[in-house]
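Beneath this line is the structure, given in structure tokens, with notes to follow.
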Amino acid sequence: MDHFTTRSGVLHVEDVAIPAIADAVGTPFYCYSSATMLDRYNAYAGALEALGAKVYYAMKANSNLAVIKTLGDAGAGADVVSIGEVQRCLAAGIPAARILFAGVGKTREEMAEALRLGVYQINLESEGELRALSEVATSIGIEARAGLRVNPDVDARTHAKITTGRKENKFGIDLDATRAIFDLAASLPGVSLRSLSVHIGSQLTDIEPYREAYERVRDMTLELRAAGHEIDHLDLGGGLGIAYGAETPPDLKGYAEIVRDKVGNLGCALSVEPGRFLVGDAGILVTRVIYVKQGGEKRFVIADAAMNDLIRPTLYEAFHGVVPVVNPDAPALDGVCDLVGPICESGDYLAQNRALPALGEGDLLAVRSAGAYGAVMSSTYNSRPLIPEVLVKGADFDVVRRRQTVEEAMALDAMPRWLADG
Ligand code: LLP
């Protein structure tokens, strides 16, 4: 269940009416429900509690400081993929000891900074990264705790751009090459490689691929131990999907059973890295209709949010539900319509071929399930400033990122010497 409900014909986020927020901050804006995030976090952590598994929030899904702090205060650690993400976690109060640093290409500078700050573990994805970590850790005189991300070659049955655990994907180390990496690590100074990690993809609605992946991790753990390597931790990745439309959301209990059956009795500490599952359904993008026009074949609802604010429909053909903020249950008009933005590209749409009620200039629309990979993937394309993010808690709301001004967006540009004087 989430906390987006209709009261007296008006969509509310927890106890706040969306038009009240629109009046206060203007449109478009992202709006998040604290209670929904916390419900999802508690469900995830609760399902795995008996196994002692710890939740590291994959903050790439939504890295607003207030979102990180909401989950951090509830007990989450963080899975990060850049030193910028480390800094955001620290600023939001998640201590370095609760940070796992992953990612396919960490630079030496990032590794050095992460080690100085004291992150819990660095997950490696190549021999080059292992050698770099050894050099960096040795030069600053510490032993780095590390994990190795393996590529289990499992089909996650999700969108091609967000599948990560096939041989043809850039992620992790082939299982066949894993033993040699551990042997190499044992001979290198400054690194203590004692963990395996796996992440097979994102937006999985079928949990069966995890069974295969975790079985391979289990076999690898036993093989490495037989070869004399100590493995004390397994990082099981994220990827559990949400219901954007008609999908059946994955069953946490079933997922926890797979974890227990496959890797629960190896004597390893366990961690998971969910992103979308915790925050996806907790957010909406609120946009206002600018114009409605009838095209040759369909109706176009032109709104003030665009592909630069939410790129998922354009990039992944992703479906996001669209509902009017006032009278969301009004009957749809005959024929389909596209919800599009003002950007000069045919790919600029938030929804296509939808049945929507009559809409007019000034009406508010909510684009659902936009809490994950929404604001974080936005850009200023067409010189459209970044839009605000608002967090709701009960009957209270606050702006947790204000609207960028055009002046701020331009401030990083500079004239070269030869144009400056003219
Ligand atoms: N761990 C690793 C190593 C990852 O690469 C990711 C996501 C996660 C955890 C969290 O996955 P989640 O639980 O959120 O599925 N921009 C795309 C999704 C990209 C996911 C990248 N990696 C989208 O909008 O669908």
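Looking only at region 190-224, residues that are hydroxyl-bearing (Ser, Thr, Tyr), within 13 Å of the ligand (Cβ to nearest atom) and open to solvent by less than 10 Å² (accessible area, probe 1.4 Å) come to 2 in all.
Among the residues of this structure, GLY238 does not count as one that is away from the ligand (no atom under 12 Å from the Cβ), small (Gly, Ala, Ser), assigned by TED's automatic domain parsing to the domain that holds PHE101 and at pLDDT 95 or above.
For LEU419, the conditions (1) under 25 Å from PHE277 (Cα atoms); (2) loosely packed, with under 15 Cβ neighbours inside 10 Å; (3) without any contact (Cβ under 8 Å) to a residue 40 or more places away in the chain are fulfilled apart from (1). Within the bounds of region 17-36, is there any residue that is under 21 Å from ARG149 (Cβ atoms), among the aromatic types (Phe, Trp, Tyr) and touching a residue at least 40 places away in the same chain (Cβ under 8 Å)? No, region 17-36 contains no residue that is under 21 Å from ARG149 (Cβ atoms), among the aromatic types (Phe, Trp, Tyr) and touching a residue at least 40 places away in the same chain (Cβ under 8 Å).
Screening MET59 against (1) away from the ligand (no atom under 14 Å from the Cβ); (2) in contact with a Cys (Cβ under 8 Å, 6 or more places away or on another chain); (3) of a type outside the set (Ser, Thr, Tyr) leaves a single unmet condition, (1). Pick from region 77-109 the residues that are within 26 Å of LEU310 (Cα to Cα), among the small types (Gly, Ala, Ser) and crowded, with 16+ Cβ neighbours inside 10 Å: which of them is nearest to the ligand (Cβ to nearest atom)? Result: ALA102. Here GLY335 passes the criteria (1) at pLDDT 95 or above; (2) under 15 Å from PHE300 (Cα atoms) except the one numbered (1). In summary, ALA146 fulfils each of the numbered conditions (1) more than 12 Å from the ligand (Cβ to nearest atom); (2) not in a strand (DSSP E or B) with the single exception of condition (2).
Scan region 374-389 for residues that are within 16 Å of the ligand (Cβ to nearest atom), buried (at least 24 other Cβ atoms within 10 Å of the Cβ) and in a loop (DSSP other than H, G, I, E, B) and the total you get is 1.
Look at region 184-200: where a residue is within 13 Å of GLU127 (Cα to Cα) and a partner is surrounded by fewer than 24 Cβ atoms within 10 Å (Cβ to Cβ) and of a type outside the set (A, V, I, L, M, F, W, C), sitting 6+ places away or on another chain with Cβ atoms under 6 Å, you get LEU188/SER134; VAL191/SER134.
Each row is one residue, and each column tells you yes or no for (1) hydrophobic (A, V, I, L, M, F, W, C); (2) over 29 Å from VAL399 (Cα atoms); (3) assigned by TED's automatic domain parsing to the domain that holds PRO274; (4) more than 15 Å from the chain's Cα centre (by Cα).
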| position | (1), (2), (3), (4) |
| --- | --- |
| ALA45 | yes, no, yes, yes |
| LEU51 | yes, yes, yes, yes |
| VAL55 | yes, no, yes, no |
| ASN62 | no, no, yes, no |
| GLY77 | no, no, yes, no |
| THR107 | no, yes, yes, yes |
| ARG116 | no, yes, yes, yes |
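The residues in region 342-373 that are in a loop (DSSP other than H, G, I, E, B) and either over 13 Å from LEU285 (Cα atoms) or among the acidic types (Asp, Glu) (or both) can be counted, and the count is 16.
The values are calculated or read from the model by the stated rules, or taken from the named source; none is laboratory data. Owing to the predicted nature of the structure, the values given are computational and were not obtained by experimental measurement. Glycine gets a Cβ as well: all are built from the backbone with ideal geometry, and neighbour counts include every protein chain shown. Accessible surface is based on the protein model in full, side chains and every heavy atom, while ligands, DNA and RNA are left aside. Shrake-Rupley method; radii C 1.70, N 1.55, O 1.52, S 1.80 Å.
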